[in-house]
Structure formats: structure tokens, C-alpha cells
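This report refers to the structure that appears directly beneath it.
Derivation of every value follows stated rules applied to the coordinates shown; laboratory data play no part. Given the structure is predicted, the values throughout are model-derived calculations rather than measurements. Cβ: placed from backbone, ideal geometry, glycine included. Neighbour counts: every protein chain shown.
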Amino acid sequence: MNLKIFLKSMKFAFRARKRVFAFIVIYAILYIQVGKGLEQSAQAQTLWLLVAFSVATVYAILISQFRRRDIAILKCVSWSNSDVMLLLIGEVVVVSLTAFLLIFQLSVEILGVAAYFTIDIEGPGLLRTLHDLIVLQPGPMFLSLFYIVILQIPGLVLAQVRAMKIPPMKAIREE
Amino acid sequence: MPNPIIQVQGVNKEYGRGKKTVAALKDINIEINPGEFVAVVGPSGCGKSTLLHVMAGLEAPTNGRILLDGVDVTLISERDMPKVRAQKIGFVFQSFLLIEDLTAYENIEAVLWPSLEYRKEKQEAMALEVLREVDMLERKDHFPRQMSGGEQQRVAIARALVNNPPILFCDEPTGNLDSKTGEGVLKIIAGLNRDRKMTVVLVTHNEELVKYAKRVLRMKDGAIVSDK
């Protein structure tokens, strides 16, 4: 694997701020819902895993759609399909890991504040609301990361197939 | 007599099917020697850009052979084509085709990212060197939207040079520029032909730019009608 392209693609991803930040928020909500869904009934688990699969697939397709011009240009200047794939994977990894770290950090902060001020998070108040909304236990948190990573794979394969079909000439014709 | 660096043998290119077939190129035969500066001129729609795209391996001919530096690109799979593009071809487009989210420097360096041949420091040096060559070093951290058309085209030229390919294909490189800026861009391209001994194939409909070329191919209705 060309680590150089993978790392550069992460930097590249953050240049598309609006899309990346929007999906970081969406993925963060997804982690919470999948994590909380895993603590519920089998039906809820299935539902949230299906939602996670749909979001991950839509996101991968959107990246390949938004990056069509860039992919065609990069192919014109000698990038191969596997190089392009790393570019797509990089953006997906950036978004899903950043969202995970965001939820991880928020959970730690909320629990930390509660512990520092010896606030009972079972009692009423803002902290209780935040705790119920955001905080995930370590087990479901890491399990949701695992599931979301796995559910991302079909979307990435689909994105790769779409990217492979983009001919270099696309860049020239669309200008 | 050197071996031709570009050989186009019996190339036809057709678009569409059945009764709607349009012949964009008709039995083209050309040989271009290393270090030549060839201009391909003709009216709009005569097939000159198609010829360039076919020569550069961006489009497959309907039939015929294209040899670049002895390599028959019509036999090369899409999987192996990137290597040929990286080693043999630089391409300058009319609409610059820079990536909007990358700076001038990154647009150039991106060509080298897939290569495992060069270390990071070497890649940086190569990208900076070509930026210096087109006099764009001071604008290296600017995004395409922050640059004028002429500056974007100079960055595009630098991008085409960074791999040090022996062949430079230019598709209407001054088409989106005013005449003064276009003249400046053409001088850079002519300088590359003179100083680096690059083989340049320039497609243009602008007769004034023909003066930079040592050889002029005139096209009409998909065929070459003169070669001087």
C-alpha cells in the first residue's frame, strides 16, 4: 500500500470542509445510535446496523461522485485505479475515525466533569441529559466502531467500481 | 536519423454506431522525431484534439497503432497505462485541469505521490524545481482559484514537466488566455523544446502560434492535408 497517498488523502479530505464536517457529525450521531442500539433488542440492533450500512454506502458513493473531476484529472496525470482507491479510503478513514474520537472524547469529558464535581448523573439536570444523549460505555463504543468499519467495506467497493469507470477523458470533456 | 519518438500508423477514430457513425480521424500516419516541435492546426471540429488524445493514450483509436518511444500504447491495458503516462507523457490542457482543493505546489507534487521511486525530500525538490522553471515559486501555496488563467496554465505546465517526460502534448494551451498571456505561455513551451529537448505536440486553431513550431500539420475533416 502506498502510505504516501493514504496520508496525503487525509489532508486532501479536510480541504473539502463542508462535506467532511457534515459527515463527521453524521457519523458521530451514527456511532451513538449504533452503540445505544447494541444495548437494546435484536430488532433495534438490526435497524441501526442497517442505518449504518446505508449511511456508509451513501457516503462512499458521494465521495466518488464529488471527486469525479479530481479522479479524472489524477488519472490523466498517471494515477492508477488503486491509487484512486487509496484516496477514497483516506477520506472515509478520516471521517469515521474523527467522528469516533469526537464521541470518545465527549464521553470522557462528560464522565470526567461528573466525577470532578461529584455530580450524580442518575439525577436530573443538563449533565444527565448529555450523558443519556452522548455517553457510550466502552464495550458498545468499540463494538460500534468495529461494525461501522465493517459496514463501510461494501460502500468502498462500490465507490471503487464507480471510480474505475471514470475515464481520464471525463475531466477534459466536462470542462 | 533518430528513431521516431511518436509513430501514428493507419489510425482511424470513429464515434457512434451504425448510421450515426462519425469519423473523427481518417487513416492518420505521422512520425515525429525526438526534439521536434510540431503544431497541429485546423478549424474547429477537424479532429486535431482527438488526434492528440489518441496519441497520448487518453482515448483508444478505432483501429491503427500508436507507438510512443517504441511502446505500442494501443496494446497496453488500462491497468498498465498509468506507468506509460508517468514515464513518457506530459499533458497541458486548455482548461488547465488543476485540482481546486490542492495548492499549486500540491497539484504538481500529486503527480509524484503514486511513485515509490523518490523519497519525500527528492519529490519536494522536483516539484519546487519545476515551479521555479515556470516562475511560479512565489505562488506555490496559492490555490487555483487565487491565481489568474496564465498562472494556472504555468502551474499546469510545471505539473506536466515534473516527471521529466520526453513528450509534451499541449491541447489548445492558450485557448482560455488573452493573447499576451498566451504568448508568454507559448514562450515557456518553446523554451522547454529548446532547452530540455522535449518533443512538443501542440494543437491550436490560432495561426499566430504556429511560428513557434518547426513543423506544421494541417488537418481538415479528420485527415492530415499538409505536413510542412
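At-a-glance table
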read-out	value
Two-site FRET efficiency, residue B:124 against residue A:22, from Cβ-Cβ distance with R₀ of 25 Å, rounded to 0.05	0.15
Pairwise FRET efficiency - residue B:211 versus residue A:119, Cβ, R0 = 60 Å, nearest 0.05	0.15
Distant alpha-carbon pairs in segment A:3-173 (separation over 29 angstrom), percent	30 percent
Among B:49, B:131, B:165 the positive-end extreme of the charge dipole of chain B (Cβ point charges)	B:49
For segment A:3-173, size of Cβ-based charge dipole, Lys and Arg +1, Asp and Glu -1, in debye	1380 debye
Net charge, residue B:199 excluded, C-beta distance under 14 Å - Lys, Arg +1, Asp, Glu -1	+2
Exceeding the 26 Å Cα-Cα cut-off - candidates B:13/B:228; B:26/B:228; B:20/B:83; A:11/B:120	B:20/B:83
Spacing of the two label points (7 Å from each Cα toward its C-beta) at residue A:50 and residue A:3, in nm	4.2 nm
Bridge type composition, the protein assembly as shown - antiparallel percent by DSSP, nearest 5	50 percent
Between segment B:147-212 and segment A:124-143, the Cα center-to-center distance that results, in Å	60 Å
For segment B:40-137: rounded, prolate or oblate by the Cα gyration tensor [a/c cutoff 1.5]	oblate
Sum of side-chain charges, residue B:216 neighbourhood, beta-carbon under 12 Å (Lys, Arg +1; Asp, Glu -1)	+3
Residue-averaged beta-carbon neighbours from other chains (10 angstrom radius) around A:8-20	2
Point-charge dipole on Cβ atoms (K/R +1, D/E -1) for segment B:2-136, about Cα centre, debye to 20	720 debye
For A:77-88, mean number of other protein chain Cβ atoms within 10 Å	6
Dipole axis of segment A:47-175 (+1 Lys, Arg; -1 Asp, Glu on Cβ), positive-most option in A:55, A:161, A:130	A:161
In segment B:117-182, the GluC sites (Glu not before Pro) that fall in loop regions by DSSP, at most 10 other Cβ within 10 Å	B:117
Cut-off 17 Å (backbone N to label point 7 Å along Cα→Cβ of residue A:11), residues of segment B:74-99	B:99
Student exercise, the protein assembly as shown dipole from Lys, Arg, Asp, Glu Cβ charges, in Debye to nearest 20	920 debye
Inter-label distance for residue B:180 and residue B:31, nm, one decimal - labels placed 7 Å from Cα along Cα-to-Cβ	4.5 nm
Cβ neighbours within 10 Å from other chains - mean over B:212-224	0
A:92, A:161 arranged by Cβ crowding within 10 Å, fewest neighbours leading	A:161, A:92
Rounded if a/c under 1.5, otherwise prolate or oblate - segment A:122-175, Cα gyration tensor axes	oblate
Relative contact order of chain A, pairs being alpha-carbon contacts under 8 Å that are 6 or more residues apart, as %	40 percent
Potential extension, residue B:138-residue B:71 segment - 0.36 nm per residue separation minus Cα distance	20.3 nm
Alpha carbon centroid spacing (whole Å) that separates segment A:95-117 from segment B:1-43	62 Å
Rel. contact order, % - alpha carbon contacts under 8 angstrom, at least six apart, chain B	30 percent
In order through segment A:45-61: 3J(HN,Hα) via Karplus (6.51 cos²θ - 1.76 cosθ + 1.60), integer Hz, x for Gly, Pro	4, 4, 4, 6, 5, 5, 4, 4, 4, 5, 4, 4, 5, 4, 5, 4, 5
Interchain or long-range residues, amide H under 5 Å from residue B:92's placed H	B:169, B:170, B:171
Inter-label distance for residue B:226 and residue B:116, nm, one decimal - labels placed 7 Å from Cα along Cα-to-Cβ	5.2 nm
